[in-house]
Amino acid sequence: MLAFWIVLAGVIGLAIGGLVAFVTIKNRANSKLHIADKAVEEASDEADRIRKSAERDAETAMKEALIAAREEAMKLKQQNEHEDAKRKNELRNLETRIIQREESLDRRNDALNTREDSLQQAQLSLDERNAELDAMFASQNDELERIASFTQQEARDELIARVKEQVVAEEAQILRDSEARVRATAERTAREIISVAIQRAASDQAGEITVTTVHIPSDDLKGRIIGREGRNIRTFEQISGVSLVIDDTPETVVLSCFDPVRRETARVALENLIADGRIHPARIEEMYKKAEKLVHERVMEAGEQAAFEAGIHDLKPEIIETLGALKYRASYGQNVLQHSVQVAELAGLMASELGFDETIAKRAGLLHDLGKATSQEAGGSHAVIGAELLKKAGENPEVVHAVAAHHNDVEPNSVLDMLIMAADAVSAARPGARRESAEAYIKRLEQLEEISNAHKGVEKTYAMQAGREIHVMVQPEQVSDEDSRVLAHDIAQEIESEMQYPGEVRVVVIRESRAIETAK
């Protein structure tokens, strides 16, 4: 019985122990399961976080790739646009050169056509001459046939008659030739006497037409004016358009230019450079600009003074400036501004004698040669140019017509027109007033510049060395180095075909590019 209870107690103990073990194992399993669920949940959250981070990184990478692709596309687009602009510029330059060459070919073709027409006309003239000779030959044959039927006496009488007729004709021709030679000799002698008198009376004025002498303190300055390898003198001539002549004459340099305003500006600039002592290309350019301003002020003063002397006080500033420029211009050796004031005085005196309006006569007389201040740039008759200038300024129509008519460019139709023509002739006719050779020389230099300026791409042209050399300044963006050679050849050919001149004319085409920056 005791053993039974012991066994029973053991079984119960075993059952209780098994139950406790089962409960313990179950609790441990539940705890592990809970831990596993929590780990799975954490792993899921970590996976979501990694997935979202990966999505964000992928989106960022995509945006960066897109931006880089856009930047690369923009660079390619800009590069293509630059290359396209470069190609277009090259095409434009090529087109410009082709057009210039076509124009040159057209001019040469026109010259060939002109020569061909001349040859055809010469051939026609030759054919006509041959026809005349044939007719003369036939006439002589007929005459010989008629003479052949003459008797000896009749032939002798015919011969005497023809010889007598020929002798009389030759005698008359000899008399006419002798008379012409006597007249030519007399006129030539008279011209020589008058020209000597004019040169003695107006030698100083004529000497100032094309050259100006500048005194320097010492001959040492000549080297500084020339500069290292001639850079100073080249800069001075290119900027001013005036030829600077430096020779063995002691303490003297000479400025040579047919344009007196340009020469006066160069003289002032050179004197200021000598006084300043600093002579280099930059200083030369600075001094020349100051000289231009000073000469402009002097031009205005000269115009105002001339108007005051003529008693005219209502001229517009642009007319006064143009009038003042005549101070530095000469016509046939005569100062144009002094001539204009004199014509105004003469016209006023004649008008008062005729009972005509003295004021309007003086006004027209003072302004009659206004076009000579601009005719070099505009080209054409100075009377017509001056009239157009006055018309644009709103001048009195009677004055405008008198200015246009004073050289018969338009028909004179009033008393004022005839007064100005007469006063101009009286002022110019006095002994020593004018010299023909100087005016012809100036017109030749002006024509040289006009021929060069007519070409495309030419910025400025200066006639140098008394017309033996011209400097042609071109725009570098329009004229290349190759075009410069073609341009020089074309200008030289035009000068040969259109002008008559002594010796040779050297054409120098200057193409210069400058890069300027200021240090601050």
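A few comments on the model shown:
- Residue among 85, 58, 36 that alone is over 30 Å from residue 454 (Cβ atoms), part of a helix (DSSP H, G or I), modelled with pLDDT of 85 or more and open to solvent by less than 60 Å² (accessible area, probe 1.4 Å): 85
- Consider the stretch 399-416 and keep the residues that are over 17 Å from residue 349 (Cβ atoms) and outside any loop (DSSP other than H, G, I, E, B). The one that is most open to solvent (accessible area, probe 1.4 Å) is 401.
- Taking the stretch 454-477 as the range and being polar (S, T, N, Q) and either surrounded by 16 or more Cβ atoms within 10 Å (Cβ to Cβ) or in a helix (DSSP H, G or I) (or both) as the test, the residues that pass are 461, 465.
- Exclusive hit being closer than 30 Å to residue 274 by Cβ and small (Gly, Ala, Ser), set 291, 307, 347: 291
- Filter result for the condition that a residue is within 60 Å of the chain's Cα centre (by Cα), acidic (Asp, Glu) and open to solvent by less than 100 Å² (accessible area, probe 1.4 Å), over 46, 103: 103
- Breaking point among (1) at pLDDT 85 or above; (2) of a type outside the set (A, V, I, L, M, F, W, C); (3) open to solvent by 80 Å² or more (accessible area, probe 1.4 Å); (4) assigned to a loop (DSSP other than H, G, I, E, B), for residue 493: (4)
- Verdict on residue 443 being assigned to a helix (DSSP H, G or I), surrounded by 19 or more Cβ atoms within 10 Å (Cβ to Cβ), within 24 Å of the chain's Cα centre (by Cα) and modelled with pLDDT under 85: no
- None of 234, 267, 262, 278 is in a helix (DSSP H, G or I) and open to solvent by 80 Å² or more (accessible area, probe 1.4 Å) except 234.
- Those residues of the stretch 286-325 which are under 16 Å from residue 339 (Cα atoms) and open to solvent by 90 Å² or more (accessible area, probe 1.4 Å), in sequence order: 304, 305, 308, 309
- Answer residue from the stretch 106-138, given it is open to solvent by 100 Å² or more (accessible area, probe 1.4 Å) and within 33 Å of the chain's Cα centre (by Cα) and is nearest to residue 486 (Cα to Cα) among those: 108
- Taken together, 181, 191, 97 contain a single residue that is part of a helix (DSSP H, G or I), under 30 Å from residue 498 (Cβ atoms) and at pLDDT below 80, which is 191.
The values are calculated or read from the model by the stated rules, or taken from the named source; none is laboratory data. What you see is a predicted model; the values in this text were computed from it and never measured. As a convention, Cβ positions derive from the backbone with ideal geometry for all residues, glycine included, and neighbour counts pool all protein chains shown. To get the accessible areas, we keep the full protein, side chains included, count just its heavy atoms, and leave off ligands, DNA and RNA. Shrake-Rupley method; radii C 1.70, N 1.55, O 1.52, S 1.80 Å.
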